[in-house]
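Here is the structure we will look at, set down as structure tokens.
Values quoted throughout were computed directly from the atomic coordinates according to the rules given, and no laboratory measurement underlies them. Note that the coordinates shown come from a computational prediction; the quantities given were computed from them, not determined experimentally. Cβ sites come from the backbone with ideal geometry, for glycine too, and all protein chains shown count toward neighbours.
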Amino acid sequence: MSANILIYLEKTCLNIENLYMRHEVKKNFLTKKFEKLYREFNRRDLVSPDPLQFLYEYNDARDREVVGLIASSLAYGRVAQIIKSTNLVLKIMGKSPHEFLKASPRKQIEAGLKDFKHRFTVGNEVANLLFASKKAISEFGSIGECFSSFICKSDENILSALSKFIEKFSRYCESDIGYLLPSPEKGSACKRPNLYLRWMVRSDDVDPGGWSGISASKLIIPLDTHMYNICRRFGFTKRKQANLKTACEITENFKKIAPDDPVKYDFALTRFGIRGDMKIEDLF
């Protein structure tokens, strides 16, 4: 082997070693930074106003999963309107949304929502979502068990199960759930379904949990424009659109820091730029 080849190989090895070292330095820096943010800002008193706040009012996971599905599905537009619309639906359902769905025929559900409107979502669409939830509870015992039936251990993430779950719900109500439950099959970031899964699968001071048997390691970042901009500044993506491919790429970068819980820092990070006293520039 010539001396020139040996010199080339030596330089290549040094470059790889330097790259690895820079990667480890960045990883260690971000791990410490994110853990500090999590300790300081992953607090329940920082939740309101947020649709997540409704889930804290229900101790029974069977009620909480229904409330979470409604609150996350309506989580688009101004937060004040989201809170108002979610509250209107929950008032119709009484103290136990789970028992309300079990006891109520479709016509009763539709009648209670006939005048409902949240931006471009109308009462009949919410009634379809609730009727599909009723059917899932009837067949599986809970929405969580319905979702879990589509989990495959070999799946890299939650997306395959999510697609099958939404397809099942569409069949239950015999119509397209549409904007309320976007499917990964259509390529959108599916921010709201992924947010719902974060709420129900994880359990800490902010996320109340309630579902077992689903690994948090398979969750996908609930990606919207706000989180997308934060993650771009951290170098987690260079992609131009906040779509599903971008959400998966960002999730993979979080997995390098928290492989068992890649969405762990989602709530703490997104407080910056949402709350008036927490500016996004303070993150960097």
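Annotations for the structure displayed:
- Helical contribution to [θ] at 222 nm, DSSP H n ≥ 4, -39,500 (n - 2.57), averaged over the chain, rounded to 500: -17500 deg cm²/dmol
- Rounded FRET efficiency, nearest 0.05, which uses the C-beta distance separating Ala103 from Asn59 and R0 of 25 Å: 0.80
- Highest-MSF residue in the chain out of Arg271, Arg78, Arg119 [GNM, Cα springs under 10 Å]: Arg78
- Candidates Ser160, Ser72, Ser142, ranked by Gaussian network fluctuation over the chain, Cα under 10 Å, top entry: Ser160
- Cα-based shape type of region 106-164, given that a ≥ b ≥ c are square roots of the gyration tensor eigenvalues and the cut on a/c is 1.5: oblate
- For region 47-214: Kirkwood Rh in Å [reciprocal of mean 1/r, alpha carbons]: 15.9 Å
- Reference-scaled alpha-carbon Rg (2.2 N^0.38 Å with N residues) for region 161-284: 1.09
- The peptide list 89-96, 129-136, 275-282, 214-221, put in order of mean Cβ contacts within 10 Å with the highest first, becomes 129-136, 214-221, 89-96, 275-282.
- Residues whose placed amide H lies under 5 Å from that of Ile221, excluding near-sequence neighbours: Thr251
- Label sites at Val122 and Ser138, each approximated as a point 7 angstrom past Cα along Cα to Cβ, lie 2.5 nm apart.
- Pairs from Lys191/Lys238; Lys27/Lys218; Lys84/Lys191; Lys134/Lys256 whose Cα-Cα separation, in the structure shown, is over 29 Å: Lys134/Lys256
- Set of aspartates and glutamates near Lys135 by C-alpha distance (under 18 Å), chain-local residues within fewer than 8 positions excluded: Asp63, Glu65, Glu99, Glu110, Glu125, Glu145, Glu167, Glu174, Asp176
- Cα gyration tensor shape for region 224-283, rounded if a/c is under 1.5, else prolate or oblate: oblate
- Helix 159-173 axis, angle to the chain major axis (alpha carbon atoms, nearest 10°): 10 degrees
- Distant alpha-carbon pairs in the chain (separation over 26 angstrom), percent: 47 percent
- Modelled this way, with points 7 Å down the Cα-to-C-beta line, the labels at Phe284 and Glu185 are 3.9 nm from one another.
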